[in-house]
Number of protein chains: 2
Amino acid sequence: MPSPVGPEIERLIQLLARLPGLGPRSARRAALHLIKKREQLLAPLAEAVRVAAERVVVCSSCGNVDTSDPCAICADARRDPSVLIVVEDVSDLWALERAAVMNARYHVLGGVLSALDGVRPEDLNLDGLVARAAAPEVKEVILALNATVDGQTTAHYITDLLSHLPVKITRLAHGVPVGGELDYLDEGTLSAAIRQRTTF
Amino acid sequence: MPSPVGPEIERLIQLLARLPGLGPRSARRAALHLIKKREQLLAPLAEAVRVAAERVVVCSSCGNVDTSDPCAICADARRDPSVLIVVEDVSDLWALERAAVMNARYHVLGGVLSALDGVRPEDLNLDGLVARAAAPEVKEVILALNATVDGQTTAHYITDLLSHLPVKITRLAHGVPVGGELDYLDEGTLSAAIRQRTTF
């Protein structure tokens, strides 16, 4: 079908359609919404995307994204240097930071080991992890990987990898999500919750 | 909760979250996706949004959006000047253009009359419509408004508004969508399909 819009708007729509959560129809809606709100949304978004494109970098120490290297977390002297939290992806780092329960540093692996997806140890940021875990100030490494088969396989791999170091290796508890009702849960979660039960 | 990301990334996420179809969680996903694809997506998007912010204008003749005024459709001499299609919104214009069935010009009202939403005749582009419909070359005005109560009310209002002119006023057929099966349709659509039945 012919394009009903000029090439500049078509280009914007095509790029928006590549965002997760947007397809062609919602990209058209989003583009029109932006165009109708030029001052309040389109212009500020142009600036924000430009700034991100020019200034966002990957922290060479931990794998986080920020506008500085090292990132704000690695550079934060108030962080407890004795605890290192290992995550699969920056999105997990963000999620844990929102939970605001630890004042630690992070290490982003960039994925998990996966035979199916062809992700091998050399594809992940594991050398960096070993080097950081070996630092004398690090006392505990928390493996905050997803509670999936690949996540737990990777956790075991890392445990072996760090076994020569004096660090304590811990992992997140598996169990009933807070607010969760038992009869909505799957058997895997319920058995993990029973097996990892704690003293009340 | 504290922001886990620097202000520049937070700003990008907040603006993305204001797009229709995206909420805070999908805005975070989208921002991270953009950041991970700086050359393929983030940088081109920065350029496309900038170009849109600087160059997109509303056509003063018909209400379409384009990078020129008059828009490419109004300026297209190959368009049939005797037919004027009235639509509620630019998105409807785009939809009809994708259907590529008419080679006409358009007039975008900018909405429909609505007592509930407080949209009065002066809030729509009606004066412009009357002026354009009065031009000697215009023979037919197609009211391509939504098949909603407000859409049809507005269609009747426009019919009265143009009744002093020699133009033929038509509207889109209501009925069974192409590919549609009758037992999935509502009674309103089915009765319209029966009432507006045509000779086979």
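Along region B:67-78 the Karplus relation, 6.51 cos²θ - 1.76 cosθ + 1.60 evaluated at θ = phi - 60°, assigns HN-Hα couplings of 9, 9, 10, x, 6, 4, 5, 5, 7, 7, 5, 7 Hz to successive residues, with x for each Gly and Pro. With a Förster radius of 35 Å applied to the C-beta separation of B:A17 and A:D186, the computed FRET efficiency comes to 0.70. For A:D76, the label point sits 7 Å beyond Cα toward Cβ; its separations from the matching points on the remaining copies run 5.5 nm, from shortest to longest. Between copies, A:P20 shows label-point distances of 2.4 nm, shortest first, with the point placed 7 angstrom from Cα along Cα to C-beta.
Does region A:103-200 classify as rounded, prolate or oblate by the C-alpha gyration tensor (a ≥ b ≥ c root eigenvalues; a/c under 1.5 gives rounded; else a/b over b/c gives prolate, otherwise oblate)? Because a/c hits 1.5 or more and a/b fails to exceed b/c, region A:103-200 counts as oblate. Only protein heavy atoms count here; under a 1.4 Å probe, A:R29 has an accessible surface of about 140 Å². Once the Cα atoms of helix B:7-16 and of chain B are each reduced to a long axis, what angle between those two axes, in degrees from 0 to 90 to the nearest 10, is obtained? Approximately 20 degrees, to the nearest ten. Computed FRET efficiency, Cβ-Cβ of A:D123 and A:R197, R0 30 Å: what is it to the nearest 0.05? Taking R0 as 30 Å, the efficiency between A:D123 and A:R197 is 0.25.
Estimate the FRET efficiency between A:A95 and A:E8 by the formula 1/(1 + (r/R0)^6), using the beta-carbon distance for r and 41 Å for R0, to the nearest 0.05. The value I calculate is 0.65. The distance separating the Cα centre of region A:85-138 from that of region A:139-200 comes to 15 Å. Other residues with beta-carbon under 12 Å from the beta-carbon of B:A17 carry, at +1 per Lys or Arg and -1 per Asp or Glu, a net charge of +4. Between copies, the label points of B:S163, set 7 Å from Cα on the Cα→Cβ line, lie 9.1 nm apart, reported in increasing order to one decimal in nanometres. Counting charges near B:A173 (Lys, Arg +1; Asp, Glu -1) among other residues having Cβ under 14 Å from its Cβ returns a value of +3.
Remark: accessible area buried at the B-A interface is about 5000 Å², both chains counted, probe radius 1.4 Å. Largest GNM mean-square fluctuation among B:A173, B:A31, B:A133, using chain B with Cα springs under 10 Å: B:A31. Build a GNM of chain A with springs between Cα atoms under 10 Å apart, and of A:G23, A:G118, A:G151 the one that fluctuates most is A:G23.
The C-alpha atoms of chain A define a longest principal axis, and helix A:43-55 lies at about 50 degrees to it. Please list, or write none, the aspartates and glutamates whose alpha carbon is within less than 14 Å of the alpha carbon of A:K37, excluding same-chain residues fewer than 8 places away. By straight Cα distance, A:K37 reaches B:E54. Once you order the gyration tensor axes a ≥ b ≥ c over the Cα atoms, which shape class does region A:50-100 get: rounded for a/c under 1.5, otherwise prolate or oblate by comparing a/b with b/c? Judged from the Cα gyration tensor, region A:50-100 comes out prolate (a/c at least 1.5, a/b above b/c).
Which lysines does B:K168 reach when only Cα atoms under 17 Å apart count, and residues fewer than 8 places away in its own chain are ignored? Straight-distance partners of B:K168: B:K139. In chain B, the longest principal axis of the Cα atoms and the axis of helix B:149-161 are about 50 degrees apart. In the full protein context, region B:65-171 carries 49 Å² of accessible surface per residue, based on a 1.4 Å probe and ignoring ligands, DNA and RNA. Between A:S26, A:S68, A:S114, the GNM of chain A built on Cα springs shorter than 10 angstrom shows A:S26 fluctuating the most. Summing +1 for each Lys or Arg and -1 for each Asp or Glu among the other residues whose beta-carbon sits under 11 angstrom from that of B:M102 gives -1. The fraction of accessible area contributed by carbon and sulfur in chain B is 55 percent, rounded to a whole number (1.4 Å probe; ligands and nucleic acids excluded).
Once a ≥ b ≥ c are taken as the square roots of the eigenvalues of the Cα gyration tensor of region B:7-55, is the result rounded (a/c under 1.5), prolate (a/b larger than b/c) or oblate (a/b not larger than b/c)? Oblate, since a/c reaches 1.5 and b/c is not below a/b. Nearest chain B C-beta to the B/A rotation axis, reported as residue and distance in angstrom, is B:V49, 3.
The values are calculated or read from the model by the stated rules, or taken from the named source; none is laboratory data. The shown structure was predicted, so the numbers you read here are calculated from the model rather than taken from an experiment. Note that we place each Cβ from the backbone using ideal geometry, even for glycine, and neighbour counts take in every protein chain shown. Each accessible area value is taken on the protein alone, full model and side chains, heavy atoms only, with ligands, DNA and RNA left out. Shrake-Rupley method; radii C 1.70, N 1.55, O 1.52, S 1.80 Å.
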